[in-house]
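Engineer: Okay, handing you the structure first.
The values are calculated or read from the model by the stated rules, or taken from the named source; none is laboratory data. This one's a predicted model, so the numbers in the text were calculated from it and none came from an experiment. Quick reminder, even Gly has a Cβ in these numbers, built from the backbone with ideal geometry, and neighbours come from all protein chains shown. Keep in mind that these areas ignore ligands, DNA and RNA; they rest on the heavy atoms of the full protein, side chains included. Shrake-Rupley method; radii C 1.70, N 1.55, O 1.52, S 1.80 Å.
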Amino acid sequence: METTQAPTATLEPYQQIRLGDKPFGRQICLAAVGSEALLPLLQLWSQLRQDYPKLVLQLLLFAADKDSRAESLKVLQSKLPLGQTTEATASAEHQTSEVISLLAELQAGKPLAIPGCQRFVLDGGRLTLDLYLEFDATLLKELPGVNHNGWIDNWLWLAESLPSQAEVWQMARLAKDYASLLCLPSKRSALASIMVNSGLNIVDFNGPAALLLTQQTELEPIAKAERLALRRQSNARLAPWPLYRESTLAADESIAIIGAGVAGSQLALSLAERHQPSQVFCSEENAGQSASGNRQGALYPLLTPETSELNTLFQQGFLFSRRRITALVAAGFDIAHDFCGVLHTGFDERSRTRLNKIAEGQNWHPDILRRVNNFEATELAGLDIKEDGLFYPLGGWVCPRALCRAAIQYAVESTYCDFQRRTHISEISREGSHWWLSATDGRRFGPFKKLVLASGASLTALPQTSALPASPFRGQVSEVATQGGLRALKTVLCAKGYLTPAWEGIHCLGASYVKDPEQLAYSDVEQRENLQKIAMSYPDADWHQGLVMGQGARVGVRMVTRDHFPMLGQAPDVEALMQVYQQHQHTPESARYWQQTPAPVHPGLYVLGGLGSRGLSTGPLAADILASELCHQPLPVGSTLLQRLNPNRMWMRKLIKGKAL
Ligand SMILES: Cc1cc2nc3c(=O)[nH]c(=O)nc-3n(C[C@H](O)[C@H](O)[C@H](O)COP(=O)(O)OP(=O)(O)OC[C@H]3O[C@@H](n4cnc5c(N)ncnc54)[C@H](O)[C@@H]3O)c2cc1C
């Protein structure tokens, strides 16, 4: 596909656009195809943002101008002011400072040529841009409707090519009834012939303000019927896991969150950005004191050789985490971090084979992962490595507890979050259509229509969630004073164990992995094991010899799922599920039953956890996905990945295939 130049028509006086009236409410969703759409979309936002302080804008940009993602990204980059091309510089000259700063924010967020959605939360959370570097019917089919309906207020078509018939129908499925398709006059007649019966009126695009135009005509019966049929098909894909089951909350109703680690604090932040109040309950004095309490945690994606949803999640999640850290730091929060790269090497034949398979398995973007030989590895690390490996250039380390505290503080300062310290919730109960929380000190909190358990290793401590398939693993991270050759370390090392560059004179080295921990006291044995792991990882190097470990260490418990996916979504009612299972098992009919019937859940109760050993890479995105669902907003993931994230997947995966539990 080739791009085509958008007009730079003057904006209509936007004061005349009556956003307070229907059909546009406090949230506008616009979708566009073609990189050329980026600037008009941002120009529109720069015009609206000040006059409508409550407004949030959700943008979907399918920047698919070329056949490959990498080529499409180049076209998009040429629109960014920091791009190296003359076109970029020229286009920047004509933009307002607000648009320039949005473009710079986007550029700093590192859009990469990777599959799926890259979510950018810009302008303090009021502008969400979901960027796709592809556009086809298969991708569109994956996108769930919001409330099982269309949610796009208007489509903008600025790609050179034309959509296929299948794409048109999916665009219509995702569109609200009154939505139009805006395009350049030169494309009008060609598009009109393809759009016939879709219900999407073709409107000339003569500048950003046109994106807010709405048509009030009734949908033709054919368009109505076709959209209904497609929505049924789309909903059927998620029939066992319906989204948006619970209605949205009134402006003064809070969502309760138990936990203030990476999961809970990021959720509070994502909700605050959506102007959704939350009340966060934390056993400890401060956020980020449990598993998320380490000094330094490695940030890099968990990748597999196969094309898998896990790769998609981790690439998107890891980049989203980086953006979160960067944005909070830009907002003035002190979060120690260094995106110094992560060097991953094997330590025995099996692990070397695995790393080779990962490197060869996919055509990775070089900013995600690239192979390095032992010389490059040594150069990158600043220490003798003597081993070929993989390098994640955008990876690095972050102080998890500082990240949690910044996220909570941001949410509290936004006035959308009430943070309850030292409040250990020992019981939750449902009364009528609300949840009540009882703390160990006798206080009761409620009523809440929605309650999220983001309680880390305690996820299974309550009877409602005790059957969730996640297991606690103790880990001790050694905190070692920098010394000798270690001082030269420039990048995070990861092999049998991991080692971070020094921050304030201390390295983190770890971590042990002990199933079903009985106690959380410091262990001398694990301290020695951590050192042995480093020695085994780099047997021919001498920089770790004679390392004085001391007893500095921190112990935490990770909550691990077998498939490495986090859990997010409504809490399964396993007791009810088992009862229904008695009637529906082992037959093709039973498989059909489970494929078509919403699985039993605890109404209003949600889970956000199972972040395992890589919570820093997936936690922030998982929280944002859940926040989108709680607030009935579009999600940055498709139906297939959503199924993999659902807390009841272990049971449902079998049941929908007619297998025994
Ligand atoms: C030793 C170790 C090393 C790790 N290294 C890395 C790494 O290098 N990179 C990486 O990405 N990840 C790493 N992880 C994993 C990462 O730290 C976790 O995935 C992440 O911190 C989990 O966050 P969480 O919010 O789910 O849980 P937690 O951080 O454990 O938070 C749980 C929260 O729930 C609260 N809570 C629990 N029960 C209750 C209750 N009943 N009432 C009120 N509050 C409650 C707690 O007070 C706490 O605030 C490591 C983990 C460990 C243990």
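Engineer: Residues of region 504-519 being within 14 Å of the ligand (Cβ to nearest atom) and within 15 Å of GLY552 (Cβ to Cβ), which ones?
Structural biologist: HIS507, CYS508, LEU509, GLY510, ALA511, SER512, listed by residue number.
Engineer: Those residues that are open to solvent by 90 Å² or more (accessible area, probe 1.4 Å), free of Cβ contacts under 8 Å to residues at least 60 places away in the same chain and more than 19 Å from PRO463 (Cβ to Cβ), I need them from region 574-597; list them, please.
Structural biologist: GLN582, GLN583, GLU589, ARG592, listed by residue number.
Engineer: Cβ contacts < 7 Å: first residue under 22 Å from CYS404 (Cβ atoms) and more than 9 Å from the ligand (Cβ to nearest atom), restricted to region 417-431; second residue open to solvent by 30 Å² or more (accessible area, probe 1.4 Å) and among the β-branched types (Val, Ile, Thr), any location; separation 6+ or different chain. Result?
Structural biologist: So the pair list comes out as PHE419/VAL412.
Engineer: Please find, within region 468-489, the residue that is nearest to PRO572 (Cα to Cα) out of those that are more than 8 Å from the ligand (Cβ to nearest atom) and assigned to a strand (DSSP E or B).
Structural biologist: In the first step, residues of region 468-489 are kept if they are more than 8 Å from the ligand (Cβ to nearest atom); the result is 468-472, 478-489.
From the residues that got through so far, the ones that are assigned to a strand (DSSP E or B) too are 471-472, 478-481.
Details: SER471: 17, PRO472: 19, SER478: 37, GLU479: 39, VAL480: 42, ALA481: 46 Å.
Checking each candidate, the answer is SER471.
Engineer: Inside region 432-445, can you point out the residues that are open to solvent by 10 Å² or more (accessible area, probe 1.4 Å), more than 9 Å from the ligand (Cβ to nearest atom) and either within 29 Å of the chain's Cα centre (by Cα) or of a type outside the set (Gly, Ala, Ser) (or both)?
Structural biologist: HIS434, TRP436, ASP441, ARG443, ARG444, PHE445
Engineer: Is it true that ASP334 is away from the ligand (no atom under 16 Å from the Cβ), over 29 Å from ALA457 (Cα atoms) and surrounded by fewer than 22 Cβ atoms within 10 Å (Cβ to Cβ)? Explain how you work it out, then say what you get.
Structural biologist: Numbers: away from the ligand (no atom under 16 Å from the Cβ): yes; over 29 Å from ALA457 (Cα atoms): no; surrounded by fewer than 22 Cβ atoms within 10 Å (Cβ to Cβ): yes.
No.
Engineer: Cβ-Cβ distance below 7 Å, separation of 6 or more or different chains: which pairs start in region 267-284 with a residue that is within 17 Å of GLY609 (Cβ to Cβ) and end on one that is more than 16 Å from the ligand (Cβ to nearest atom) and part of a loop (DSSP other than H, G, I, E, B)?
Structural biologist: From residues that are within 17 Å of GLY609 (Cβ to Cβ), the pairs are LEU271/TYR416; SER278/TYR416.
Engineer: Please enumerate the residues belonging to region 290-301 that are near the ligand (Cβ under 6 Å from one of its atoms) and assigned to a loop (DSSP other than H, G, I, E, B).
Structural biologist: Listed by number, the residues that qualify are SER290, ASN294.
Engineer: Starting from residues that are in a helix (DSSP H, G or I) and open to solvent by 50 Å² or more (accessible area, probe 1.4 Å), keep the ones in region 457-467 and report whichever is farthest from the ligand (Cβ to nearest atom). Before you say what the answer is, go through the steps one by one.
Structural biologist: Applying the first criterion (in a helix (DSSP H, G or I)) to region 457-467 yields 457-458, 463-465.
From what is left, the residues that are open to solvent by 50 Å² or more (accessible area, probe 1.4 Å) are 458, 463.
Details: SER458: 3, PRO463: 13 Å.
Checking each candidate, the answer is PRO463.
Engineer: What number goes with the only condition from (1) touching a Leu at 6+ places or on another chain (Cβ under 8 Å); (2) buried (at least 17 other Cβ atoms within 10 Å of the Cβ) that ASP367 does not pass?
Structural biologist: It is condition (2) that ASP367 fails.
Engineer: Here's another thing I want to ask about it. Show the residue pairs meeting these rules: Cβ distance below 9 Å; 6+ apart or different chains; first residue within region 549-563 and in the same structural domain as LYS533 (by TED's automatic domain parsing) and hydrophobic (A, V, I, L, M, F, W, C); second residue open to solvent by 30 Å² or more (accessible area, probe 1.4 Å) and away from the ligand (no atom under 15 Å from the Cβ).
Structural biologist: MET549/ARG528; MET549/LEU531
Engineer: Would region 596-612 turn up any residue that is over 28 Å from the mean Cα position of the chain (by Cα) and either of a type in the set (Ser, Thr, Tyr) or within 12 Å of the ligand (Cβ to nearest atom) (or both)?
Structural biologist: In the first step, residues of region 596-612 are kept if they are over 28 Å from the mean Cα position of the chain (by Cα); the result is none.
Within region 596-612 (the criterion being over 28 Å from the mean Cα position of the chain (by Cα) and either of a type in the set (Ser, Thr, Tyr) or within 12 Å of the ligand (Cβ to nearest atom) (or both)), the answer is no, since none of the residues qualifies.
Engineer: Assuming LEU451 fulfils every condition listed in (1) open to solvent by less than 30 Å² (accessible area, probe 1.4 Å); (2) touching a helix residue (DSSP H, G or I) at 6+ places or on another chain (Cβ under 6 Å); (3) not assigned by TED's automatic domain parsing to the domain that holds LEU369 apart from one, which condition is it?
Structural biologist: (2)
Engineer: Something else now. Just one of the numbered conditions (1) modelled with pLDDT of 95 or more; (2) under 16 Å from TRP397 (Cα atoms) is not true of GLY497; which one?
Structural biologist: Of (1) modelled with pLDDT of 95 or more; (2) under 16 Å from TRP397 (Cα atoms), only one is false for GLY497: (1).
Engineer: Within region 167-179, is even one residue of a type in the set (S, T, N, Q) and at pLDDT 95 or above? Can you show your working first?
Structural biologist: The first filter runs over region 167-179 and keeps only residues of a type in the set (S, T, N, Q), leaving 170.
Going one step further and asking which of them are at pLDDT 95 or above, we end up with 170.
Scanning region 167-179 turns up at least one residue that is of a type in the set (S, T, N, Q) and at pLDDT 95 or above.
Engineer: Can you give me the number of residues within region 468-505 that are open to solvent by 50 Å² or more (accessible area, probe 1.4 Å) and over 19 Å from SER537 (Cα atoms)?
Structural biologist: 3
Engineer: Just checking, does region 302-324 include any residue being assigned to a strand (DSSP E or B), open to solvent by less than 50 Å² (accessible area, probe 1.4 Å) and more than 18 Å from PRO636 (Cα to Cα)?
Structural biologist: Taking region 302-324 first, the residues assigned to a strand (DSSP E or B) are none.
Within region 302-324 (the criterion being assigned to a strand (DSSP E or B), open to solvent by less than 50 Å² (accessible area, probe 1.4 Å) and more than 18 Å from PRO636 (Cα to Cα)), the answer is no, since none of the residues qualifies.
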